[in-house]
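Comments concern the structure below.
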Amino acid sequence: MSFEPSLSRRSFLSLSAMTAASALAGCASTAGPPPMAQPVVMRTPPVNTFQAPLAPGDAELEVMYGPIEDGGFLIPAVPYQKIDPRFYRQQVVDPTGQAPGTIVVDTPSRFLYLVQPGGTAMRYGIGVGREGFAWQGTGVIQWRQRWPRWKPPNEMVARQPELTKFSIENGGMEPGLKNPLGARALYIFSNGEDTLYRLHGNPDWRSIGKAVSSGCVRLLNQDIIDLYDRVPNKAPVLVLQ
């Protein structure tokens with residue numbers, strides 16, 4: 001189920017958040033299927049009494065998606081003009097009805113929401129997993145990492161032997177601009193277990209709005225840095241399919 005991109009105030013149906021673990025997430029480093037999540041009931045958002053926030057203008061976008069020096073790496077500017085404007089990072093009226101501080105991944109619409117106080121949310125454009133690699137459910141941000149190493153699980157290495165040099169046993173891929181996890185990674189756990197599902201940076205802006213990754217949620221590096229700075233450990237997460 002997805003939210004309306006126009007953020008209308010229609011009531012949301014009750015959702016049952018469950019796992020869809022037909023394969024392991026390729027951007028994870030541990031094994032084991034995620035446990036069955038508990039049903040989550042979406043609330044109808046409160047009626048707005050204020051105007052919707054404005055979308056960012058060109059001057060703001062130049063700053064938001066300009067080059068960034070971070071952790072010894074120079075992240076290149078994003079050619080945001082080539083991305084659908086609806087996927088720009090922006091503050092919107094909250095369509096989720098969830099508590100402030102909650103992350104909601106609306107997989108079908110390719111949006112990630114961070115719910116804020118006062119009836120708004122930060123919305124980010126995302127790339128998502130291909131069919132058969134997706135996960136859905138509830139969890140928490142158990143761990144956060146700046147410039148993480150990428151350690152594809154053994155099951156992924158078995159499918160793609162060329163990744164052996166980056167296997168868990170070999171220590172994974174060094175952090176950097178070509179690392180599939182990008183500048184930051186947020187690790188989702190459910191019921192104390194690693195779901196193998198990550199919210200992470202992305203060196204390829206072309207994947208935003210598409211289903212191309214091996215299961216995890218990709219954000220632009222500039223956006224994952226912004227999200228990382230806003231979200232603490234143990235933040236609740238709801239992933240919808």
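The values are calculated or read from the model by the stated rules, or taken from the named source; none is laboratory data. Since this is a predicted model, take the numbers as computed values, not measurements. Please note: Cβ atoms are built from the backbone with ideal geometry, for glycine as well, and neighbour counts cover all protein chains shown. Side chains are part of the model used for accessible areas, which takes the heavy atoms of the whole protein and leaves out ligands, DNA and RNA. Shrake-Rupley method; radii C 1.70, N 1.55, O 1.52, S 1.80 Å.
Using only Cα positions of the stretch 58-239, each an equal point scatterer, no hydration layer, compute I(q)/I(0) via Debye at q = 0.09, 0.16 Å⁻¹ and quote the log10 values to two decimals. Those come out to -0.30, -0.99, one per q. When Rg and Dmax are taken over the Cα atoms of the stretch 197-241, they come to 11.1, 30 Å. Accessible surface area normalised per residue over the stretch 111-241 is 38 Å², counting heavy atoms of protein chains with a 1.4 Å rolling probe.
Peptide packing: for 155-168, 83-96, 116-129, the average count of neighbouring Cβ atoms within 10 Å per residue gives the ranking 116-129, 83-96, 155-168, highest mean first. For the stretch 69-89 and the stretch 101-123, write down the distance between their C-alpha centroids in whole Å. With the stretch 69-89 and the stretch 101-123 each reduced to a Cα centre, they are spaced 20 Å. Packing here is the average count of other Cβ atoms within 10 Å per residue, and on that basis the peptides 61-74, 175-188, highest first, run 175-188, 61-74.
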